[in-house]
Amino acid sequence: MTKPIAGGEWPSLRVDDWEATRRTLHMWTQIVGKVRLAYAPLLNHWWQAPLYVSPRGLTTSAIPVGTRLFDMEFDFIDHALSVRLSDGGSDHLDLRGRSVAQFHDQTMAMLDRLGIDARITKRPNEVDPAIPFAEDQHQGYDPSAASTFWQQLVQADRVIGQFRSRFAGKVSPVHFFWGSFDLACSRFSGRLAPRHPGGTPNCGDWVMVEAYSHELSSCGFWPGGGDEGAFYSYAYPEPDGYADFAGRPDGAFYDTELRQYLLPYETARAARDPDQCVLDFLEFAYAGAADLAGWDRKALDIDPNRWQPS
């Protein structure tokens, strides 16, 4: 029996205190995410690319390779990258004491031993500078910081999942995008959006065109925007008056540079009811996007408890 993690609920982790680990994990998740991207068939808005919060860390979920399936999981309890195949094959790589370059080379070698010919682009996306993985000697993995960040993601995934259940229209999974290194979930009005201008560092404009092809209200959690990270929400395209929408919850604010609403994680963590604090923020930001843009909320919003006994 594995001993439960102590103090796992809404943990505190200052962004400045795990910068080296955060940079390392960002590059590692890009490597693993690119493996998934190389094999999984294209889904709208790149939904085949992200990772998912799991009971042990972050996972790719099942990926097709020929007539087999495999998955890759960052295990932040045992601190290993695990690979499992539907034919029974498996292997793992200890995460401790490895540079980005070592992780890249050893992960590719592990996949090759398992008969998975993973060919990925060798540079990261959405960062500048984009140092090729095989040349990146950065090393900084603090197991405690990685586990704590994962526990932050567990809380965010839970609550955003509750928020997601209140929408009957097209809505993404709650998933972790390795390019921007954040957890995200997007609701869609059903209408096309103006062509996105692109401009993201080391990322083709066509990537953002696909990601933002339809009108949306997006939310999530990322390790920035607050001392301990922040919940965020934005609209694309942003309707007039969005930044000044009435009813903003205490502690939330609109960031004019990022063009999105932010709720510092530490504000939610310190609230009497952290779950409700985050849900109130997400509902407010969605209402601003949907009401100002004229979404058909009567058709799109839904009660997740509609089938529970009265």
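Rule-based calculations on the coordinates, nothing more; no lab input. As the structure is a prediction and not an experimental result, all values here were calculated from the model. Cβ: placed from backbone, ideal geometry, glycine included. Neighbour counts: every protein chain shown.
Somewhere in region 116-127, is a residue surrounded by fewer than 18 Cβ atoms within 10 Å (Cβ to Cβ) and over 24 Å from ASN202 (Cβ atoms)?
yes
Here is a list: PHE245, PHE281. Which entry is out of contact with any Ser or Thr (no Cβ under 8 Å at 6 or more places or on another chain) and touching a residue at least 12 places away in the same chain (Cβ under 8 Å)?
Selected residue: PHE245, the only one of PHE245, PHE281 that is out of contact with any Ser or Thr (no Cβ under 8 Å at 6 or more places or on another chain) and touching a residue at least 12 places away in the same chain (Cβ under 8 Å).
Which of the numbered conditions does GLY161 fail, given that it passes all the others? Conditions: (1) crowded, with 21+ Cβ neighbours inside 10 Å; (2) over 9 Å from the mean Cα position of the chain (by Cα); (3) without any contact (Cβ under 8 Å) to a residue 60 or more places away in the chain.
Of the numbered conditions (1) crowded, with 21+ Cβ neighbours inside 10 Å; (2) over 9 Å from the mean Cα position of the chain (by Cα); (3) without any contact (Cβ under 8 Å) to a residue 60 or more places away in the chain, the odd one out for GLY161 is (1).
Any residue in region 89-113 that is touching a residue at least 12 places away in the same chain (Cβ under 8 Å) and of a type in the set (D, E, K, R) sitting within a Cβ distance under 7 Å of a residue that is surrounded by fewer than 16 Cβ atoms within 10 Å (Cβ to Cβ) and assigned to a helix (DSSP H, G or I)? List the pairs, counting only those 6 or more apart or interchain.
Within 7 Å, the pairs are ASP91/ARG113; ARG96/PRO143; ASP105/ALA134.
Look through ASP255, ASP303, ASP296, ASP291 and report the one residue that is over 29 Å from PHE149 (Cα atoms), in contact with a strand residue (DSSP E or B) (Cβ under 8 Å, 6 or more places away or on another chain) and of a type in the set (D, E, K, R).
From the options ASP255, ASP303, ASP296, ASP291, the qualifying one is ASP296.
Count, please, the residues in region 116-142 that happen to be outside any helix (DSSP H, G or I), closer than 19 Å to HIS26 by Cβ and either of a type in the set (D, E, K, R) or over 24 Å from the mean Cα position of the chain (by Cα) (or both).
Residues flagged as outside any helix (DSSP H, G or I), closer than 19 Å to HIS26 by Cβ and either of a type in the set (D, E, K, R) or over 24 Å from the mean Cα position of the chain (by Cα) (or both) within region 116-142 amount to 7.
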